[in-house]
Structures are given as C-alpha cells and as structure tokens.
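Notes follow the structure.
Just so it is clear, none of the values below were taken in a lab; they were calculated from the coordinates. The model shown is predicted, which means the values in this text are computed figures rather than measured ones.
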Amino acid sequence: MKIASNLLFAVLAAVALPVLAQTSTPKADQRQANQQKRIDQGVATGQLTGKEAARLERGQERVQKLEDKAKADGVVTKKERARLQQAENVQSRHIARQTHDRQRDSNHDGKKDRPARRK
C-alpha cells in the first residue's frame, strides 16, 4: 500500500510540475509591473494627463487579458509568448510616447497645462 501511494505521488508530481512551469510567465509579470510603475510615475509627475493615464491603463488591461487567455489552457506556447511580448512592446511604446509628449498636468487639476506664450 505504501509503495503504491509513493508511486502515485511520484507520477502526479512528474505530470503536475512541468505544467506549472509552462504556465508561469515571470518575465511578462515583471514587465507589466514595470510598465504600471511607469504609468503611475507619469501621473505623479504630471507627465500624463488623466485621459492619457486612463488610455494606458486600458492598454495594460488588454495585455493582462492576453496573458490570462494564454494561460487558460495550462500551457503557454512559444507563439503565445511571442504574441504577449509583442503586445508588451506596443504598450511600452505607447507609454513612452505619452509621457514624452508636450501635454502636461503638473498641477493635477485634470486640465492640460499650457506653456507660456512667447512674445
């Protein structure tokens, strides 16, 4: 009886561990956390307006849904990882463009700050 239970445990461990390893996406999770941090920092410094931040948050949600969909069947394939990385690249470019454009909300009043006019 003890041998049978040990054998069953070994078989289950051998089957379960590879599946868990294939569904983990630590690089994607870390990258999404970094991108979220960039959005939060842009809002805090006034580099992002409220609308820009909301749009970028929706983009982050799309990437998260894509990741959840890839993990749903229990295996994240190379093709799914490539698609996820491509979506993260696009989102990263969007964050960079929005934080470096000339729209600012430094006083956090929800309106864009206008640069002083030159005379």
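Things worth noting here:
- Candidate aspartates and glutamates for bridging to Lys71, where Cα separation is under 20 Å - those fewer than 8 sequence places away on the same chain excluded: Asp29, Glu61, Glu80, Glu88
- Cross-link table Lys27/Lys79; Lys27/Lys51; Lys51/Lys79, entries beyond 21 Å C-alpha to C-alpha: Lys27/Lys51; Lys51/Lys79
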